[in-house]
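The values are calculated or read from the model by the stated rules, or taken from the named source; none is laboratory data. The model shown is predicted, which means the values in this text are computed figures rather than measured ones. Cβ sites come from the backbone with ideal geometry, for glycine too, and all protein chains shown count toward neighbours. Accessible surface is based on the protein model in full, side chains and every heavy atom, while ligands, DNA and RNA are left aside. Shrake-Rupley method; radii C 1.70, N 1.55, O 1.52, S 1.80 Å.
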Amino acid sequence: MYTLYYYPGNASLLPHLLLREIGAPFELALVDRARNAQHDPDYLKLNPNGRIPVLIDGDTVLFETAAIALHLCDRHPEAGLAPPLGTAERGQFYKWMVHLTNTPQAEFRAWFYPHEHADSAEAAASVKRVAQTRLEGMFERIAAQLDGRDWLLGSGMSAADFFLLMLVRWGRAMPHPPRDLPVLAAHAARVLARPAVLATFAAEGIAAPFV
Ligand SMILES: N[C@@H](CCC(=O)N[C@@H](CS)C(=O)NCC(=O)O)C(=O)O
């Protein structure tokens, strides 16, 4: 039985989506951001960075969304959410998982929390503007690579597609949201067609529109 520390719509959404897609038994533990529970001493013992999510798997405590996702793929190979180890497609899978986490996901941190990267309100506004432009470029490049295929990997749907859906969702309030790119809208619709995805949103109390 896994325990996923989550907050609705946060980065915990990716492991939550994967747990439901896999069909693994898990329980959810709310980290109440409304009262900054991510900085409670007990939570900091799980993730000293004070960030969501954390996954508990027996004696294993993991933070970092992408690491949790990769671990779940490895623990449940039968779910087919990652290509077999040592194959060319596995390399492509790593490429996308690492790219999504260290490029758009990291840039979203600057967009959602610009004050962390600035020492004045004016500088923070500038950080947010620049992050927005950079995110637009990132999504355009992802869309260009996805053009003509259903999933990020040629071999079929993988955890990276769920990751992309979460990021497209995070951009829904941007002036030029990623869903405006037809390739990304079509990809999001394919992922949203998975029953596990709608069940995840329902469990987190998230209503449509999802992206
Ligand atoms: N690199 C981390 C980032 C996680 C992250 O930024 N989580 C956000 C929610 S999406 C958070 O915990 N925000 C609360 C805070 O920073 O105080 C990961 O992927 O797990």
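Helix by helix through the chain, keep the DSSP H runs that span 20 Å or more along the axis on Cα and average at least 0.0 on Kyte-Doolittle, and give those back in order. Working shown, then result.
Working: long enough: 121-146 (37 Å, 0.04).
The qualifying helices are 121-146.
Would you grab the residues whose amide H sits under 5 Å from the one on residue 26? Only those 5+ places off in sequence or on another chain, please, with H modelled 1.01 Å from N.
When sequence neighbours closer than 5 places are left aside, the close amide H contacts are 2.
So what does log10 I(q)/I(0) come out to for region 2-79 at q = 0.11, 0.17, 0.22 Å⁻¹, using the Debye formula with one equal point on every Cα and no solvent?
So the normalised log intensities work out to -0.25, -0.58, -0.95.
For 149, 169, 109, 33, write out the residues from largest to smallest accessible area, computed with a 1.4 angstrom probe and no ligands counted.
149, 33, 109, 169
Roughly how far apart, in whole Å, are the Cα centres of region 143-197 and region 79-132?
Each part reduced to its Cα centre gives a spacing of 15 Å.
Let me spell out the model: positive unit charges on the Cβ of Lys and Arg, negative unit charges on the Cβ of Asp and Glu, origin at the Cα centre of region 79-137. What dipole size does that give, in debye rounded to 20? Spell out each step's value before the answer.
Values: 6 positive and 6 negative charges, 38 e Å.
Charge dipole of region 79-137: 180 debye, to the nearest 20.
Can you work out the accessible area per residue across the chain, with the rest of the protein chains kept in place, probe 1.4 Å, in square angstrom? Display every interim value, and only then the final one.
On the way: 9970 Å² over 211 residues.
Per-residue accessible area for the chain comes out at 47 Å².
Please report the equivalent ellipsoid semi-axes of the chain, computed as sqrt(5 x eigenvalue) of the Cα gyration tensor, largest first, in whole Å. If you can, show how the numbers build up before the last one.
Working: eigenvalues 122, 114, 50 Å².
Over the Cα atoms of the chain, the semi-axes work out to 25, 24, 16 Å.
Considering only the other residues whose Cβ falls under 11 Å of the Cβ of residue 177, what net charge follows from Lys and Arg at +1 and Asp and Glu at -1?
On the way: positive: 169, 172, 179; negative: 136, 180.
Overall, the nearby charge balance is +1.
With +1 on each Lys and Arg Cβ and -1 on each Asp and Glu Cβ, and nothing else charged, work out how big the dipole of the chain is about its Cα centre, in Debye to the nearest 20.
Values: 19 positive and 22 negative charges, 77 e Å.
Dipole of the chain, to the nearest 20 debye: 380 debye.
Would you compute, from DSSP H runs of 4+ residues alone, the mean residue ellipticity of the chain at 222 nm, taking -39500 (n - 2.57) per run and dividing by the full residue count, rounded to the nearest 500? Display every interim value, and only then the final one.
Working: 9 runs with 105 residues, N = 211.
Only helices count here, giving -15500 deg cm²/dmol.
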